[in-house]
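Accompanying notes for the structure given below.
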Amino acid sequence: MKQKYLKIILGSILTSLLIVFTSCQKTPPGIVTIRSANSTWIQELFQTEIVNIGLEKLGYKIEKPKEIDYPAIYISLANEDLEYSTVYYEPQHNEFFENAGGEKKLEGVGILTPNGIQGYQIDKKTADKYNITNIEQLKNPEIAKLFDSDGDGKANLVGCNPGWRCELTIDYHLQAYELEDTVEHNQGQYEILLADAMTRYEQGKPIIYYAYEPHWISTQLKPNKDVVWLEVPFTSLPKSMENFSEEDTSLDGKNFGFRIIQQRIVANKKFLKNNPVAKRWFELVEIPVADMNEESLRIKEGEDQPEDILRHAQEWIKNNQEKYDNWLETARKSAN
């Protein structure tokens, strides 16, 4: 009887040890299916395809990327319904990150597209003629009137879509820099408003607009050639964007007034722990802002279907083959 109980106890111990041992093992890529998602902003699909092609070459199985709103992406990652996404715009998405569980469930990895700039641009011709370098100069009604497109005497500043969160900063800036009496924030569909501004520019009229990179506008109106970035008099951001300094809103000695954005990959923390090859891959992949600007232009000009985006991703890889292959080789070594 004692031997029988002893066998049962030993069997239980061995089973427990096996479970612990198995849970500590890293998952071989070949048996892992990776689910990703991006928003309806099609440029993100381009980045996702570049990452997924590499994951497939590393032996992972890849599901077709899903299109989901930003907050739901983070929640899905935390709930293990997705493995990763390319949408972590840091610090702009920090609230989504924290609301979904923060560092207990998620992890930001690598820098996919570095130094995304946001700020205000005006046409260089007007900037040079009136020596305009700082948005604070639009407190002067005569300067502001130069950018009036609807006849009310105020500058018409092309803003961004409601819900993008940048519109909150623009409204805050107008108050902080005492511009509410001379500048009007035009909101709506950003692309449509920007197209109107482009028409005015082509007619030789002054324009002012919120700009960000990566975006196609930088390939059409080139900074320092066609347009210039305006500085802000000092850094001032909404209270929801805490722990900032002038250094966080500046690049190359110029204060843009908006936080400089690093686009990162965000992934489920447990997945990263069990898949060091995938994690190393995420850390390595980097797509320059200039390449994203070009992709944005191709999409704007009509190459905007999923098959187009996949082809663009394949072409980008071919044009960066040596670097891409080196990333793959480095990631594979993480399996050892």
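So, by mean Cβ neighbours within 10 angstrom, what's the order for 259-265, 205-211, 93-99 with the highest one leading?
Ranking the peptides 259-265, 205-211, 93-99 by packing returns 205-211, 259-265, 93-99.
For Ile208, what residues show an amide H to amide H distance below 5 Å, using hydrogens built from the backbone and excluding near sequence neighbours?
Under 5 Å from the amide H of Ile208 lie the amide H atoms of Val158, each far enough along the sequence or on another chain.
Tell me the net charge near Asp128. Cut-off is 12 Å between Cβ atoms, Asp128 excluded, with +1 for each Lys or Arg and -1 for each Asp or Glu.
Neighbourhood net charge equals +2.
Taking the Cβ of Leu179 as the centre, find all other residues whose Cβ is under 12 Å away and add up their charges (Lys, Arg: +1; Asp, Glu: -1). Display every interim value, and only then the final one.
Numbers: positive: Lys139, Lys154; negative: Glu136, Asp171, Glu178, Glu180, Asp181, Glu184.
Residues close to Leu179 contribute a combined charge of -4.
Using alpha-carbon pairs under 8 Å, 6+ residues apart, how would you state the relative contact order of segment 198-336 in percent?
28 percent
If I take every Cα pair under 8 Å that is 6 or more residues apart in the chain, average their sequence separation and divide by the length, what percent do I get for the relative contact order?
That works out to 26 percent.
Mean shadow of segment 118-255, computed from the convex hull of its alpha carbons, in nm²? Write down the numbers at each step before the final one.
On the way: hull surface 32.2 nm².
Hull-based average projected area comes out at 8.0 nm².
In terms of modelled amide H atoms, which long-range or inter-chain residues lie less than 5 Å from the amide H of Ser39?
Residues meeting the amide H criterion: Ile68.
For Lys239, go through the aspartates and glutamates and keep the ones whose alpha-carbon is under 16 Å away, minus same-chain ones fewer than eight residues off.
Answer for Lys239, where 16 Å is the Cα cut-off: Glu95, Glu167, Asp171, Asp248, listed by chain and number.
Under 5 Å between amide hydrogens, which residues at least 5 positions from Trp229 or on another chain qualify, with H placed 1.01 Å from N in the peptide plane?
Asn224
On a straight-distance basis, which aspartates and glutamates could pair with Lys125 in a cross-link, Cα separation under 15 angstrom, same-chain partners fewer than 8 positions away excluded?
Correct list for Lys125: Glu202, Asp226.
Find the Rg to Rh ratio for the chain, where Rh is the Kirkwood radius over alpha-carbon pairs and Rg uses the same atoms.
Checking Rg against Rh, the ratio lands at 1.10.
All of the numbers you see were taken from the coordinates with simple rules; none came from a lab. As the structure is a computational prediction, the values presented were derived from the model and not from experiment. Backbone-built Cβ (ideal geometry, glycine too); neighbour counts: all protein chains shown.
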